[in-house]
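Notes follow the structure.
The values are calculated or read from the model by the stated rules, or taken from the named source; none is laboratory data. Everything numeric in this text was worked out from a predicted model, so none of it was measured. Counting neighbours? That spans all protein chains shown, and the Cβs are built from the backbone with ideal geometry, glycine included.
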Amino acid sequence: MSAVPPSCSVRRPRAANLAEINRVIAASKSHWDYPATYLDAALPLLVIDQSYLAGHLCFEIVDETSSVVCFFAVAADGDAQLLDHLWVRPDRLGQGIGRLACEHVFSLARRRGWKVLRVLPDPPACGFYRKLGFEDTKLRVSSRVPDGPSFSVLEKHFERDGKNVGAVRTRRRHPRSTAQSGA
């Protein structure tokens, strides 16, 4: 992996970028080579709108031309926080942009005193998250799309002083969660 291009920056998403954000999500989800029938059902479940931006902790990473190259968001999930979205434009994969997004969230976790950060990655992305210190809870969440993949529940744990700690007992997604993961 190469270093993050110095011209990329993390910022709160602009409502004017919603169409571009949704194109990044669609391209990134489609990158995994899922069947068209699955994508036709899953992509509408991942659409970001103004209401989602207002109700969640959302960010975009933009390049030197202010083009969105990544979108990521955190949602409350019961006793933890959930990295509900992390989508990198496929032509920018392997450039450290996903790592930059995760490091931004880890910094927030430490500053805000979050104890647990969960993620339900697309199966081909599990290795990326494990490299960043997420641990497999051995729990699986079924796709919200019939006959879709099951998603591993991965967790990263934090202490108040910012150090990572080992895994603790996990719980299933909170029933009132507004998270979109698992599509």
Candidates 81, 95 - the one that is of a type outside the set (Gly, Ala, Ser), part of a loop (DSSP other than H, G, I, E, B) and either crowded, with 17+ Cβ neighbours inside 10 Å or modelled with pLDDT of 95 or more (or both): 95
Looking only at the stretch 124-131, decide whether some residue is at pLDDT below 95 and either surrounded by 13 or more Cβ atoms within 10 Å (Cβ to Cβ) or of a type in the set (Asp, Glu) (or both). no
What's the number of the condition residue 104 fails, among (1) surrounded by fewer than 22 Cβ atoms within 10 Å (Cβ to Cβ); (2) touching a residue at least 60 places away in the same chain (Cβ under 8 Å); (3) out of contact with any Phe, Trp or Tyr (no Cβ under 7 Å at 6 or more places or on another chain)? (3)
Being over 19 Å from residue 124 (Cα atoms), modelled with pLDDT of 95 or more and in a loop (DSSP other than H, G, I, E, B) is the filter here, so list the residues in the stretch 137-180 that pass it. none
Tell me, please, whether a residue that is surrounded by fewer than 16 Cβ atoms within 10 Å (Cβ to Cβ), closer than 16 Å to residue 89 by Cα, at pLDDT 95 or above and among the hydrophobic types (A, V, I, L, M, F, W, C) can be found in the stretch 31-49. yes
Tell me, which residue of the stretch 21-71 that is assigned to a loop (DSSP other than H, G, I, E, B) and of a type in the set (Phe, Trp, Tyr) is farthest from the chain's Cα centre (by Cα)? 34
Those residues of the stretch 108-128 which are over 13 Å from residue 151 (Cα atoms) and either in contact with a helix residue (DSSP H, G or I) (Cβ under 9 Å, 6 or more places away or on another chain) or outside any helix (DSSP H, G or I) (or both), in sequence order: 113, 114, 115, 116, 117, 128
